[in-house]
Amino acid sequence: MRDTSRAVPFLPSARAVFGLSLEGMLWSRRSLVLGGLLAIPVLIAIVYRLVLAARLPAEITGLHLYGYLVALFWVRNALPLAALFYATALIADEVEGRTLTYLLTRPVRRSAILAGKFAAYVVTTLCLSLPAAVVTFFVLATSRGVGLAGSVPDLFRDLGVLVLTLLVYGALFALMGVLMKRPLIPGLLFLFVWELIANLPGYMPRFTITAWLRSLVTHRPAGRGVSEMFGQVLPAGLSLVVLAVLTVAFLWLAIRIFSRREYVLDQ
């Protein structure tokens, strides 16, 4: 095992890895594709304002559409997908590009390497998602039937939910990335098979991440069948605790496994 007694301190190491990783993540083909995916609600909001707003019943407001986009597009689908494609690649890209050896032979703790890369992932995905959410909100919240001033606090709450989504799914998929050689397929199965349990009645939704996240979204249109699409509402305080514990546990396990695992690169 490599001697870490003379390793560079954790924070400077993590900061250096963060800087190098952030530049590579932001200006990549992956960011271009996922940035376009995460910006789809902006186009939907513009179409609603220009075409649909005047034709729909008055009780269907832009804020209702915004609630659907937050809970069913970003939280349920787009952000978990972004986390899957970024977080599973934090170490896998280095292995595939045969550059992991250069990192592991430096006097840098492995925990700092993964922490710096994870921080770069978080900043990259936030830069791609939060501006789109803010623009979507203001386009829809300034349509007819919506009180903008009273809705702004909900925007900040929703941005917090988006941040939590990226953190908890990112930590989970970072763990899968250090555990598995090909984590994409298991990750997709988790998102689009296991997470569907969140739509079931009873106690089972508590075993999904989606149910805890959607419980923090306050925009729930009234009406039988419509609000049910959002799933059951779990206590907000408990949701925050569960999501924080899951994030810390997944990330701690990922760092611990990465720190102890021996990597043999194919020739």
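The values are calculated or read from the model by the stated rules, or taken from the named source; none is laboratory data. Bear in mind that the values here come from a model prediction, so they are computed numbers and not experimental data. Ideal geometry is used to build each Cβ from the backbone, glycine not excepted, and the neighbour counts take in all protein chains shown.
Assorted remarks:
- Residue list for region 96-142, filter: within 15 Å of residue 15 (Cβ to Cβ), more than 14 Å from the chain's Cα centre (by Cα) and among the small types (Gly, Ala, Ser): 111, 112, 115, 116
- Residue ID - modelled with the lowest pLDDT, chosen from residues in region 163-205 that are charged (D, E, K, R) and surrounded by fewer than 16 Cβ atoms within 10 Å (Cβ to Cβ): 181
- Restricted to helices (runs of 4 or more DSSP H) entirely inside region 93-191, those with at least 1 residues that are polar (S, T, N, Q), out of contact with any strand residue (DSSP E or B) (no Cβ under 9 Å at 6 or more places or on another chain) and under 14 Å from residue 70 (Cα atoms) are 110-141, 148-179.
- Scanning region 66-106 for residues that are within 30 Å of residue 48 (Cα to Cα) and charged (D, E, K, R) yields a total of 1.
- Matching residues in region 88-107 - criterion: being crowded, with 21+ Cβ neighbours inside 10 Å and over 16 Å from residue 261 (Cβ atoms): 89
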